[in-house]
Every structure is written in structure tokens, then in C-alpha cells.
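A short worksheet on the structure shown next.
The values are calculated or read from the model by the stated rules, or taken from the named source; none is laboratory data. None of these values were measured; they are calculated from a predicted model. Counting neighbours? That spans all protein chains shown, and the Cβs are built from the backbone with ideal geometry, glycine included. Accessible surface areas use protein heavy atoms only, side chains included; no ligands, DNA or RNA. Shrake-Rupley method; radii C 1.70, N 1.55, O 1.52, S 1.80 Å.
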Amino acid sequence: MNAALASALIALFALSVPVAVSIGLASVIAIHFFSNLPLLVVPQKMFTGLDSFPLMAVPFFILAGAIMTHGGISARLVDLVKSMVGNVQGGLASCCVLTCMLFAAISGSSVATTFAVGSILIPAMMRHGYPVGMAGAIQASSAELGVIIPPSVPLILYAVSTETSITRLFLAGLVPGLLIAGGLVVMVQIWCRIKGYGLRDAEGRQPILPALRRSFGALMMPVIIVGGIYGGIFTPTEAAAVSVIYALILSLIVYREIGWRDLPGIFRGAAVSSGAIMLIISAAALFSFLISLSGLPNAIGDWAQDNFASALTFLLGVNLLLLVVGMFIETSAAILVLAPILTPVAISYGIDPVHFGIVIVVNLALGMITPPLGVNLFAAAAVAKVPVQALFGSLVWPILVVVSLLLAITYVPMISLGIGWIVMP
């Protein structure tokens, strides 16, 4: 059955069948033709895959991100960060990285971050003399922080699919996210000084105090959400609902950037995005059930024990596998299919599942900025109104920075687990 599942899935992907349909249809083919299971197991397992309280956080965070994109929150965060770093050469590029970091601490989505922040900063960087390819590449690579810094939809999916603590994963994502943000800021500063870009970045910069007053409400949003989770005030799922309410209050009442008549369109877009992810989750639950039933995780574990002498070589092999997978398969689908298979093997090597989850998510985040199917690249190219190929030449340095930091995160578990050991010993 394993061969049938893999062959059907690869064939459907090659035919460009949508990810959710590919996973579900491959499972149905394997059940009907290569097993003795009744087809009734299909709806049962797909429903069970969605019958999870923590998964309610996914549509809430998607809706919160959509409200923030339209409600003026992202624009105020951009103004605040620009007021702080815009007076140095390359300040606008650094502003892009740091604003994406702040927006990621609210939205949990890299694509939402690309559109919300990129729609403001990509045109601004182009007006200040940055090449369009460089502007798009900086935005695309910075937006991947949306799936690393909590709250993160991929971290929630990993937690649900491997029965790992969401709160511990959120804690573990903080330092790696900040580390990558810092690495990208250093990179763009060096890049701008070598190439001579960003000399006029101080133009249009607001004083810090007025920018802080305008953005105070937006700035409090990640404090309330993340602080509430870590302070034990509410669960990650409840935090997602709080983020929607807070975003609505800011956008409708405080900032008045949207009206009640705008809400149906915003809710409709969020529902479509949530539905697509939920369909992938339900199909992946069925796929994972068949994988577990076939004994594939144990077989892979035995194979790994025979071929990888230590946890260090196993992690290297996993990173190479995920780098390739991330280039061709959507992040959510890759997590839901591979995490239940690889995590038990990682545990057998003594690797903490929380640390392993961060390694998986950071690695697959790279797939969002690597050709040929990097979703952030297509989003940034759409904002910049250029072909996606125009961004390829400027991606080398961001990718090298993230790969270097990925290796550090992989082989220094304290980067991921340190805060968790302090806060939740």
C-alpha cells in the first residue's frame, strides 16, 4: 500500500492536481485498490482530522490577518519602524524586515505578511532607488518570519499532527525567529552599503513619538496575544479569537480604516483561505492514518538507524530532504504528511519533538522563497508587478543567511528550547 500511496501522490502532483485533492485522492485509490478497508473510513478519518479544538486557531488567525491587512494596522507598524531605523542607510530595507517580524507576531501567515507589508514597502523601496528584484527579494524573505515567530499556523499544524504542546512550540519559535530577523537586518545593511542603496531612506520619516502614538494600539496587539498565551491567561485557540476581536475594534472603531460594509468581503476571503487549509488538513489526516497503518514510520525508523550513525547525521539528512520537498510542496501539506512520519524517528534518536518541529518549520519556510514554487516569491512579484523571475537574482544572499541560521538552529537545541526550559521547566 505504501508504494501505491507514494506513486499516486507523485503522479497527481505531477499533473498539477490541487494539493488537498491529490492527498485525498491518493488515499482513496490506496484504500479501494490495495487494502481491505471499507471506503467508509474516508469520511470518518477526514472528519476526525478536523475534530480538534486547537485547529480552531487556524481560521481565527487567518481572519485576524485579513482584518489587519485592510484595517490600517500594517501601515501604522511600518510608520513606527521606519521612524526608528529609517534615518540610516538601508533603513527602509531594515524596516521591511522588522515590520514583517512585528506583523508575523500577529498574523501567523507569511503570505498575509507579504501582501500587508509588501504593498506598502515594496513601492516605497522602489521609489527610493532600490532595484525591484532586491525589494521583492527582501520582502519575500522577511515575510517567512510569519511562519516561524508565534503565533504560527504551521506550528499549530505540526502540534496537532504530532500531539506536541502548542504553547511549548510557540515559545520555541521566538528566539529562532528573532535570530533570523537579526541575520536578515545585518545582511541588508551590508548589502546596501556595498551597493550604495538606501541613501535617501530618511525621506518621509515621521518623528518617533507621533509614530508611536499612532501605532500604539497596533503595537499592543502582539503584546496581548503572545503575552496572554505565555502568561497563562488564555490558550492559543482563545488567543486567536481575541486577536480577531481586538483587530475589529482597532480597525472599525479606533482607526476607522474599514466600515461595516467591508466586513463581508474580508470574512469571505478569510473563509476561502481557511477552507483551503482545512481541506488539506482533513485529507492529510486520512493519509497519515494509512501511513501509520502500513507501518511506514517504523520501517523508516529502522532504515534510519541502519544508515544514520547519530542524531547529527539524521538531522542533516532530514534538512536535505525538507529543502527539496519545500521547493515543490506547499508548507502545510508537507508538515501534515511528513511530520507524523519523521517525528517518531527523531524521538528515537533522542531529539526533542519541540526542537524538531522548529527545524521542520524553519526549513520549510525556506521553500516559500525558493524557486520554482515559492509562494512568497509569487506574492512579492504580484505586489511589485513584475515576473517572478525578476526576483531570482537577488535571492542568493537571503537564502544563504537563512540556511546558515537553520544549521545553527538545528545543531544548537538551546536556541529553540532555552526559553521553554525557563518559562515551563
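Segment F34..V254, full-extension length gain: 73.3 nm, with 0.36 nm per residue of separation and the alpha-carbon distance subtracted.
Highest mean packing comes first when the peptides 4-10, 384-390 are listed by Cβ atoms within 10 Å, giving 4-10, 384-390.
Multiplying the residue separation of L219 and L15 by 0.36 nm and removing their Cα-Cα distance gives an extension gain of 69.0 nm. Helical runs (DSSP H, four residues minimum) scored at -39500 (n - 2.57) apiece and divided by the length of the chain put the mean residue ellipticity at 222 nm at -25000 deg cm²/dmol. Within the chain, the whole DSSP H helices whose Cα atoms reach 27 Å or more along their own axis and whose mean Kyte-Doolittle score is at least 1.6 are 263-294.
Descending by average beta-carbon neighbour count within 10 Å, the peptides 393-406, 175-188 line up as 175-188, 393-406, the highest first. Most tightly packed first, judged by the mean number of other beta-carbon atoms within 10 Å of their residues, the peptides 204-213, 277-286 read 277-286, 204-213.
Restricting the trypsin sites (Lys or Arg not before Pro) of the range 240-328 to loop positions (DSSP other than H, G, I, E, B) with no more than 16 neighbouring Cβ atoms within 10 Å leaves R256. Taking the protein heavy atoms of the range 8-113 in the context of the full set of protein chains, the accessible area attributed to carbon and sulfur is 73 percent at 1.4 Å. Averaged over its residues, the range 240-321 has an accessible area of 52 Å² per residue, based on protein heavy atoms and a 1.4 Å probe. The residues of the range 1-137 have, on average, 37 Å² of accessible surface per residue, using a 1.4 Å probe with all protein chains present. Sorted from longest to shortest, the spans of the Cα atoms of the range 1-143 along the three principal axes equal 68, 33, 19 Å.
If R0 equals 35 Å, the separation of the Cβ atoms of D302 and E238 corresponds to a calculated FRET efficiency of about 0.25.
Here the simple spin-label model places points 7 Å from the Cα toward Cβ, and for S292 and A6 these points are separated by 2.1 nm.
Of the listed values [x] 68, 48, 47; [y] 68, 51, 46; [z] 85, 48, 46, identify the label whose number matches Cα extents along the principal axes in Å calculated from this model. Matching the structure shown: [x]. Calculated accessible area for the range 348-393 comes out at 32 Å² per residue, all protein chains present (probe 1.4 Å; ligands, DNA, RNA ignored).
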